[in-house]
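Chemist: Here it is, the structure, as structure tokens.
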Amino acid sequence: MADELPRPEPKPIDEKLSLELKHLAEDAVLRGRPNGEERCDNCLYYLNPDAKISYCWHPKLRVLVGDQWWCQWWEEIPKD
Ligand code: SF4
């Protein structure tokens, strides 16, 4: 009988990163749902509007976000 593998557990680095990202999300009032018509995939800072998940290049975020998410720094894409 094969030895059972130990159950994976989060490491201290995961707790550290989790806390950092939690603070970042709180500062941005980041939510996993749209705010009316405002959502990441129609925001200026969402790098690839065709993707379900993409990089947000807002200088205070710089993380992966989902297309239906939203934060207080949402900004309309200029028409020109
Ligand atoms: S700035 Fe906010 S709304 Fe815009 S893509 Fe980034 S997380 Fe989404």
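The values are calculated or read from the model by the stated rules, or taken from the named source; none is laboratory data. All values reported here derive from a predicted model rather than from experimental measurement. Heads up, the Cβs are rebuilt from the backbone with ideal geometry, glycines too, and the neighbour counts pull from every protein chain shown. SASA here: full protein model, heavy atoms, side chains in, ligands and nucleic acids out. Shrake-Rupley method; radii C 1.70, N 1.55, O 1.52, S 1.80 Å.
Chemist: May I ask you to list the trypsin sites (Lys or Arg not before Pro) in the range 35-73 that are in a DSSP loop and have at most 14 other Cβ atoms within 10 Å of their Cβ?
Modeler: Details: sites: Arg39, Lys52, Lys60, Arg62; in loops: Arg39, Lys52, Lys60, Arg62.
Listed in order of number, the matching sites are Lys52, Lys60, Arg62.
Chemist: How far, in degrees from 0 to 90, does helix 12-28 lean away from the longest principal axis of the Cα atoms of the chain, to the nearest 10?
Modeler: 20
Chemist: Between Glu38 and Lys79, what is the label-to-label distance in nm when each label sits 7 Å out along the Cα-to-Cβ direction?
Modeler: Between Glu38 and Lys79, the simple spin-label model gives 2.0 nm.
Chemist: I would also like to ask the following. For the residue pair Asp27 and Lys52, what label-to-label distance in nm results when each label sits 7 Å from Cα along the Cα-to-beta-carbon direction?
Modeler: Between Asp27 and Lys52, the simple spin-label model gives 3.0 nm.
Chemist: First compute the accessible area of the chain with a 1.4 Å probe, then give the percent of it belonging to carbon and sulfur atoms.
Modeler: Carbon and sulfur together cover 56 percent of it.
Chemist: Moving to a separate point now. When only alpha-carbon atoms count, how far does the chain stretch along each of its three principal axes, as whole angstroms with the largest first?
Modeler: Taking the Cα atoms of the chain, the three principal extents are 65, 27, 21 Å.
Chemist: Okay, next question. DSSP loop (so not H, G, I, E, B), at most 16 other Cβ within 10 Å: list which chymotrypsin sites (Phe, Trp or Tyr not before Pro) in the chain pass both filters.
Modeler: Within the chain, the qualifying chymotrypsin sites (Phe, Trp or Tyr not before Pro) (loop, at most 16 other Cβ atoms within 10 Å) are Trp57.
Chemist: Once you put a point 7 Å from the Cα of Lys60 and another 7 Å from the Cα of Arg7, both along the Cβ direction, what distance in nm separates them?
Modeler: That separation, rounded to one decimal, is 3.9 nm.
Chemist: Identify the GluC sites (Glu not before Pro) of the chain meeting these criteria: DSSP loop state and at most 12 other C-beta atoms within 10 Å of the C-beta.
Modeler: Those satisfying the criteria are Glu4, Glu37, Glu75.
Chemist: In Å², what does the accessible area per residue of the range 30-80 work out to with a 1.4 Å probe?
Modeler: Accessible area per residue: 69 Å².
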